[in-house]
Every structure is written in C-alpha cells, then in structure tokens.
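Each remark here refers to the structure printed beneath this line.
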Amino acid sequence: MNPRPLTRLTAIALAAGSLAVAGCSKADRDEAKARTDQAVETVKQKGSELAADTKEAAKDLKADVKEATADARAKVDEMSSDAKDKSKGMSADAKDRTADMNASARDKTAELKEDASRLMDKAKVAVSDATITTSVKAELARDPGLKARDIDVDTSAGTVSLRGTAPSSEARERATSLATGVSGVVTVKNELTVAAKS
C-alpha cells in the first residue's frame, strides 16, 4: 500500500484537530488532541488491515485462477488427446463427434475464464467497498462536531450504512453529507440516533 495517502490523511486529521481546538481550554484541547490521535491511529490501523486483507485476497484469487486455468488446460489437453486417439480409423460420423467434443472443451474453457473474471470483479468490489469505508471514517474523524468513534460505518456495493449515535440532529445530517461526498458512494443509509442530552 502506498504510504502517502495515510500520511496525507494523518496530516489533514491533525490540522483539522488543531484548528478545531484553537479556541478551547487546555483540557478541551488535550481531550480533542487525544481523540484526534485516536482517530488517526484508527484510520492508519484500518488502512493497514485493509491493505493486508486486500493483498491476501488478491494472492488467494490469483492462486485460484491459476489452478482453474491449469485444470482447464489439462482437461482440454486430455479431451483433445482422447479425441485424436479415437478419431484414428473412425468414420466421418465419429470425426463429427470428435469435433463436438473439442467444441465442448472450448466452451468449458470459456466458462472457466468467465468464472475467473467474475471472481476478479468481486474482489475489486470488495476492495472498493473497504476503501469507501476507510474514506468515510476519515471524513467523520475530521469533523470536530462528530464523535467518529461512536459511529459505525459499513459499505456494501457502494451503499454506506451509518449506525451509532450523533451528538445532535445537525451532526447527524452532517454525517450523511460527509459520507455522500466520498468518491464511490452510491447512497447513504443514515441509521444514527441523536444522543439524549443529560
């Protein structure tokens, strides 16, 4: 994973935290700094986990595709070899059946390639959803009016779900707006509840 986006996110999160606490008391600044640091660490950790998971999933997918391709080749070679052996000395009718077997083998190979392509597409969607989730969490962490640690973010096929609590109705709506602004987000389901004021 390229370390620059995380470094950039860290710098932005720290700058946003610094601006948010400029007019606050020392205790408020210390608490805001601790929260900002925690949010930055969470984003870094999630980014690292995402990179590791993505790398492992890509490695597994590559191995599966390689194995499926090798199996398909072996099957095609076997079918082709069988077809050649059987076609020797056969009548024209038998040769037609051999051609059908070869066509069937080509069809199977095409199906395997399509299956491999679908697996790759699924892996891309999973990586894209994980990237969206990380980006939305980073946006929420930058907002001083939101308690990002109280908001759970999940993404499925570009649909972002926000669950947890927001300190106010305005903060709840701001969370929706921030999530909607992230690249790749199709829709946002805001299931946040407004925290009861004591």
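None of the figures in this text is laboratory data; all of them are computed from the coordinates on show. Just so it is clear, the model here is predicted, and its values are computed rather than measured. Cβ: placed from backbone, ideal geometry, glycine included. Neighbour counts: every protein chain shown.
Numerical summary
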item: By average C-beta atoms within 10 angstrom, highest first, the peptides 60-69, 133-142; result: 133-142, 60-69
item: Added length on full extension, which subtracts the Cα-Cα distance from 0.36 nm per residue, ARG97 to ARG149; result: 12.1 nm
item: Difference of contour (0.36 nm per residue) and Cα-Cα distance, THR42 to THR69; result: 5.8 nm
item: Charge tally in the Cβ shell below 12 Å around ARG172, where Lys, Arg are +1 and Asp, Glu are -1, ARG172 excluded; result: -2
item: Sites GLU49 and THR187 - FRET efficiency at Förster radius 30 Å, r taken between beta-carbons, to 0.05; result: 0.75
item: Neighbour net charge for THR42 - beta-carbon separation under 11 angstrom, K R +1, D E -1; result: +2
item: Links that overshoot a 24 Å alpha carbon limit, given the list LYS55/LYS137; LYS46/LYS113; LYS75/LYS95; LYS44/LYS66; LYS147/LYS197; LYS33/LYS137; result: LYS46/LYS113; LYS44/LYS66
